[in-house]
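Asker: Encoded as structure tokens, here's the structure I'll be asking about.
The values are calculated or read from the model by the stated rules, or taken from the named source; none is laboratory data. Quick caveat: nothing in here was measured; it's all calculated off a predicted structure. Ideal geometry is used to build each Cβ from the backbone, glycine not excepted, and the neighbour counts take in all protein chains shown.
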Amino acid sequence: MSNGPGISGLILDEPLLWEKGKPGRTGFSMPESDVPSAPCEGSWYGDGVDLPDLSEVDVIRHYTRLSQYNFAIDTGMYPLGSCTMKYNPKLHEKLASLAPIAAAHPLLEDELSQGMLRLIYELKQFLAAITGMDQVSLQPAAGAQGELTAMLMFAAYFRKKGEQRTKIIIPDTAHGTNPASAALCGFTAVSLPSGPRGYVEPVDVAARMDDQTAGIMLTNPNTLGLFEESVREITDIVHRHGGLVYGDGANMNAVMGIVDIKRCGVDALHLNLHKTFSTPHGGGGPGAGPVCVVDELVPFLPTPVVEKDGDSYRLVDNLPDSIGRVHGFFGNFSVLVKAYCYILSMGPENLKKASQLAVLNAGYVKEALRDVLHLAFDRPCMHECVFSDKLQRGDKVTTLDMAKALIDHGFHPPTIYFPLVVPGAIMIEPTETESKDDLDTFIASFKEVVAQSSTDPEALHEAPRRPKLRRLDETRAARKPKLTGDM
Ligand SMILES: *Cc1c(COP(=O)(O)O)cnc(C)c1O
């Protein structure tokens with residue numbers, strides 16, 4: 001097996017600190033006490049805290065090893081589709097943690113937080129410019145919450161107009177959060193199968209769009225990595241019936257500053273700052289899912305909004321039709337700071353270039369693997385490409401087998417079995433931050449895995465072989481997670 005990144009060297013076993021401790025070990029030496037000892041009554045630590053005795057080196061090695069147990073974008077390529085696991089410059093983390101920013105109190109008066117308000121105001125303008133939309137709310141803390149915010153605004157919009165609209169059209173390739181967000185706002189999801197070429201077909205939208213339908217939730221580029229060919233036709237149909245178009249913009253990495261989303265006919269769009277705009281995605285850390293809207297929806301935006309008054313900035317609350325707050329204070333502010341720094345450090349031309357390189361890299365992987373893996377839709381792809389295990393089924397090798405084998409080569413597996421419309425899907429999003437050398441190593445490793453499916457399929461059924469833990473029973477791991485140290 002060829003050596004991929006980060007897979008040579010030792011794999012260390014690490015017990016719990018309680019198992020490592022030995023009575024009497026200590027991290028420091030104290031001089032002998034020269035005063036009489038006294039009992040510690042009513043001590044703050046109680047009387048029964050069971051802490052292990054450990055030396056300094058025990059503790060340092062323990063935590064350093066644990067810090068290396070996890071695979072991360074800082075250790076290797078992480079080509080999860082529909083996730084944009086790209087490398088984010090550390091400088092932005094540093095700027096977001098500068099004391100004047102990180103320690104600023106969110107309850108400070110407007111006059112005392114002019115810098116923060118300016119940052120919010122300008123970031124809204126940047127995101128509006130990048131997407132072509134009119135106004136932005138930075139409050140939502142995740143993509144799914146951005147969707148929910150947009151759906152709440154749709155509901156408020158129709159209430160204001162006195163219209164009863166109970167349904168919303170959602171293509172079958174949409175992220176699972178779309179129907180959930182719609183349902184939380186009282187809309188019933190009407191599923192829309194994608195057409196034979198992987199696109200949403202206008203005739204199918206026309207067949208479902210009526211006076212009781214609030215509109216459509218459209219992901220573009222869609223979750224097959226394809227740019228919706230008929231996006232303008234689709235949004236025209238929805239508008240003709242008085243509906244609204246929601247755009248799921250989590251996949252913005254392919255089109256930053258290149259596609260004018262408003263001109264595509266989108267009325268509300270959410271962005272995942274924690275995918276595209278320099279906050280790491282995954283791991284449950286803070287995120288931000290700003291919502292960008294057209295003028296017609298501005299009255300319904302969450303409050304408070306930041307406005308500019310001459311040279312100063314202030315929070316404005318008196319919007320009678322607003323859906324109200326969706327997050328405490330200003331949303332996840334540190335994420336907003338990182339996005340602001342990213343946009344300023346890149347500039348308009350380089351943001352476009354980043355998207356172009358993301359598309360180029362996905363296209364490169366697609367072309368390099370299409371001879372050995374079945375390509376689900378043979379169309380030009382955007383930020384990601386979708387294959388399947390169709391060609392390997394004769395050898396009884398599945399997508400799961402190949403994904404697990406990639407771990408032995410030092411790669412995080414791509415997204416698998418999603419979107420559901422492609423049986424055995426393998427969805428690869430390399431992102432713009434991988435060099436050609438790293439892409440070539442990934443491609444070579446994947447080809448090696450595929451070759452093994454005919455020469456030694458049994459080995460693939462047992463993959464991964466190199467990590468500390470082998471193939472897990474995934475259902476049991478999810479239902480009965482074992483969170484203690486002994487495996
Ligand atoms: C990631 C993603 C979401 C959800 O974003 P979260 O921040 O995880 O809630 C929604 N839609 C698409 C297409 C996505 O890729």
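Asker: Does residue 309 fit the bill of being farther than 16 Å from residue 136 by Cα and of a type in the set (Asp, Glu)? Working first, answer last.
Answerer: Working: farther than 16 Å from residue 136 by Cα: yes; of a type in the set (Asp, Glu): yes.
Yes: the conditions hold for residue 309.
Asker: Taking residue 283 and the conditions (1) modelled with pLDDT of 95 or more; (2) of a type outside the set (A, V, I, L, M); (3) within 14 Å of the ligand (Cβ to nearest atom), which numbered condition does it fall short on, given that it satisfies the others?
Answerer: Every condition holds for residue 283 apart from (1).
Asker: Quick test of your reading of the structure: residue 94 fulfils all but one of (1) more than 26 Å from residue 268 (Cβ to Cβ); (2) buried (at least 19 other Cβ atoms within 10 Å of the Cβ); (3) free of Cβ contacts under 8 Å to residues at least 40 places away in the same chain; (4) not small (Gly, Ala, Ser). Name the failing condition by number.
Answerer: (2)
Asker: Among the residues of segment 297-319, which ones are among the acidic types (Asp, Glu), under 31 Å from the mean Cα position of the chain (by Cα) and either part of a strand (DSSP E or B) or at pLDDT 95 or above (or both)?
Answerer: 307
Asker: Separate question: Does segment 378-403 hold any residues that are of a type in the set (D, E, K, R), in a helix (DSSP H, G or I) and in contact with a helix residue (DSSP H, G or I) (Cβ under 8 Å, 6 or more places away or on another chain), and which are they?
Answerer: The initial filter retains those residues of segment 378-403 that are of a type in the set (D, E, K, R), namely 378-379, 384, 389-390, 393, 395-396, 401.
The next check asks that each one be in a helix (DSSP H, G or I); those that pass are 390, 393, 395, 401.
Across segment 378-403, the qualifying residues are 395, 401.
Asker: Please state which one of 358, 403, 376 is free of Cβ contacts under 8 Å to residues at least 40 places away in the same chain, of a type in the set (Gly, Ala, Ser) and outside the structural domain of residue 122 (by TED's automatic domain parsing).
Answerer: Numbers: 358 fails: free of Cβ contacts under 8 Å to residues at least 40 places away in the same chain; 376 fails: free of Cβ contacts under 8 Å to residues at least 40 places away in the same chain.
So the residue among 358, 403, 376 that is free of Cβ contacts under 8 Å to residues at least 40 places away in the same chain, of a type in the set (Gly, Ala, Ser) and outside the structural domain of residue 122 (by TED's automatic domain parsing) is 403.
Asker: While we're on this one: Considering only segment 75-95, I want to know if a residue exists there that is within 16 Å of the ligand (Cβ to nearest atom), on the phi < 0 side of the Ramachandran plot, in the same structural domain as residue 222 (by TED's automatic domain parsing) and assigned to a helix (DSSP H, G or I).
Answerer: No, segment 75-95 contains no residue that is within 16 Å of the ligand (Cβ to nearest atom), on the phi < 0 side of the Ramachandran plot, in the same structural domain as residue 222 (by TED's automatic domain parsing) and assigned to a helix (DSSP H, G or I).
Asker: Among the strands (runs of 3 or more DSSP E) lying completely within segment 121-193, list those that include at least 3 residues that are outside the structural domain of residue 266 (by TED's automatic domain parsing) and touching a strand residue (DSSP E or B) at 6+ places or on another chain (Cβ under 6 Å). It would help to see each step written out before you state the result.
Answerer: On the way: elements: 135-137, 167-171, 188-192.
Those strands (runs of 3 or more DSSP E) do not exist here; none qualify.
Asker: Could you grab the pairs with beta carbons closer than 7 Å, sequence gap of 6+ or different chains, first residue in segment 60-84 and within 22 Å of residue 277 (Cβ to Cβ), second one outside any loop (DSSP other than H, G, I, E, B) and of a type in the set (S, T, N, Q)?
Answerer: As it stands, the answer is 80/415; 81/415; 82/415; 83/415; 84/253; 84/276, since those pairs meet every condition given.
Asker: Touching a helix residue (DSSP H, G or I) at 6+ places or on another chain (Cβ under 9 Å), within 12 Å of the ligand (Cβ to nearest atom), not in a loop (DSSP other than H, G, I, E, B) and not assigned by TED's automatic domain parsing to the domain that holds residue 362 - does that describe any residue in segment 220-239?
Answerer: No, segment 220-239 contains no residue that is touching a helix residue (DSSP H, G or I) at 6+ places or on another chain (Cβ under 9 Å), within 12 Å of the ligand (Cβ to nearest atom), not in a loop (DSSP other than H, G, I, E, B) and not assigned by TED's automatic domain parsing to the domain that holds residue 362.
Here is a yes/no grid of residues against (1) at pLDDT 95 or above; (2) under 30 Å from residue 431 (Cα atoms); (3) in a loop (DSSP other than H, G, I, E, B):
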{"position": "22", "(1), (2), (3)": "no, no, yes"}
{"position": "36", "(1), (2), (3)": "no, no, yes"}
{"position": "44", "(1), (2), (3)": "no, no, yes"}
{"position": "62", "(1), (2), (3)": "no, no, no"}
{"position": "71", "(1), (2), (3)": "no, yes, yes"}
{"position": "100", "(1), (2), (3)": "no, no, no"}
{"position": "108", "(1), (2), (3)": "no, no, yes"}
